[in-house]
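The structure under discussion appears below in the form of C-alpha cells.
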C-alpha cells in the first residue's frame, strides 16, 4: 500500500492509556503532522482530540483506517467501514485474522496486514517507543 499521499488517519481502538498501542500509534502520527481521528465508543476525547464513537461518523475523506483492536472487533468494524465507503484499511500486527482477509478479498478495498504503520511510515527503520 502506498502511504505517500495519506494525510488523514483514523485510529480504530484509540486509547487514553499512554502504554497502549492505541495511544502510542496515535501520538506517533500526530507528532508527524497527520490529521488523526481517534475512534473508540468509550471515549469522548483522546489526547485532546475529539473521539468518534463509530467509523460511520468519520469524515468521508479520511485516507486510511488503522485497526488496533482484537480481530473479532476488527471484523465487525471493518464491515461497517466498507459499507460506509472507506476503502483503505490497515491492520496492525495482532489485529488481523483470516476472517478479515476473507471478507476483504475481492472487495476492491486496499488493505494491509502484519505490518506496523509506525515502521512503514519511518521507512522501515526501527521506531523508538514514545515516552510513556
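Computed quantities for the displayed model
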| item | result |
| --- | --- |
| Relative contact order [Cα under 8 Å, 6+ residues apart], region 8-121, whole percent | 23 |
| Expected 222 nm ellipticity per residue - DSSP helices of 4 or more, -39500 (n - 2.57), all of the chain, to 500 | -7500 deg cm²/dmol |
| Packing-based order for 89-100, 39-50, using average beta carbon neighbours within 10 Å, highest first | 89-100, 39-50 |
| Share, in percent, of DSSP beta bridges within the chain that are antiparallel, nearest 5 | 10 |
| Cα Rg, Dmax (largest Cα-Cα span) when computed across the chain, Å | 13.5, 40 |
| Two-site FRET efficiency, residue 2 against residue 119, from Cβ-Cβ distance with R₀ of 22 Å, rounded to 0.05 | 0.90 |
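Bear in mind these aren't lab numbers, they're just calculated from the coordinates by the rules spelled out. These numbers come from a predicted model, not from an experiment. All Cβ positions, even for glycine, are placed from backbone atoms using ideal geometry, and neighbour counts span all protein chains on display.
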